[in-house]
Amino acid sequence: MRDMTAEDKQGEMAKAENLSAKQKKQIKQVIVVEGKSDTQRLNRLYQVTTIETNGSAVDERTLLEIKKAHELHGVIVFTDPDISGTKIRQAVVDAVPGVQHAFIERNEAKPNHKGSLGVEHASDSAIENALVNVYQLADPAGNAVEPIAQKDLIALRLIGTPDAKDRREYLSSQLHLGYVNGKQLAKRLALFQISLDQVATVLENYQKK
């Protein structure tokens, strides 16, 4: 499937602008985003409440607000697919266990012109797909899936081979994990309790591309 062009994105956004409040889907959870532009983007599509972190250094007041929102409504963390977004996710996870996570791919978050990656640049379909495929971190007290060993990632050519990046991107896209590099992969898979069998099954389809 081809990547969405700038014209495609603009067309989707124009349609979203014309949605009335009654036509918009309501999201019961509060969504944590990085800034006002992300809030405005989500409000074009949904009836939704957001909390803005306004930077990667999430302050105590914002974390308390997120904790209260999680207790009352549930929370989805939906940050940009970059280092700053990853830092924010980790800060929220450390302070508020049990929140859900939505991810978009780096190619989905590119601006039409110059600028940094951001949720606000994603197409309607990319945002909808991310919010349908949310993850929640596994309960440590539950029946945890065995972490995938580095030797298995090497055997699956997800690290240490010329095509490893392409294979990781395919895996991430199919499992809706967001951007993840070789160093982060094992940890991300363990966080969301994704088994070696699941990974191997997804990569079988990569071979058929």
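Key figures for this structure:
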quantity: Computed magnitude of the charge dipole of the chain (debye, nearest 20; Cβ of K, R +1, Cβ of D, E -1); calculated: 140 debye
quantity: Per-selection Kirkwood Rh - segment 141-209 (Cα, Å, 1 d.p.); calculated: 12.1 Å
quantity: Projected-area average for the chain over all orientations - Cα convex hull basis, square nanometres; calculated: 12.8 nm²
quantity: Of all DSSP beta bridges in segment 6-136, antiparallel share, percent nearest 5; calculated: 15 percent
quantity: Inter-part distance where segment 174-209 and segment 70-141 are each reduced to a Cα centre, Å; calculated: 17 Å
quantity: Sites Asn181 and Asn133, calculated FRET efficiency, Cβ-Cβ separation with R0 30 Å, nearest 0.05; calculated: 0.90
quantity: Using θ = phi - 60° and Karplus 6.51 cos²θ - 1.76 cosθ + 1.60, couplings along segment 38-50 (whole Hz; Gly, Pro as x); calculated: 5, 4, 4, 5, 5, 5, 5, 9, 9, 8, 8, 9, 10
quantity: Three-way shape call for segment 45-120 based on the alpha-carbon gyration tensor, with the a/c threshold at 1.5; calculated: prolate
quantity: Long-range HN-HN contacts of Ile31 with modeled amide H, under 5 Å; calculated: Thr49, Thr50, Ile51, Ile76
quantity: Helix-only mean residue ellipticity at 222 nm for the chain, each DSSP H run of n ≥ 4 adding -39500 (n - 2.57), per residue, nearest 500; calculated: -14000 deg cm²/dmol
quantity: Tilt relative to the chain, helix 83-95 - C-alpha long axis, 0 to 90 degrees, to 10; calculated: 90 degrees
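All of the numbers you see were taken from the coordinates with simple rules; none came from a lab. This is a predicted model, so every value here is computed, not measured. In this analysis, Cβ positions are derived from the backbone assuming ideal geometry, glycine residues included, and neighbour counts consider all displayed protein chains.
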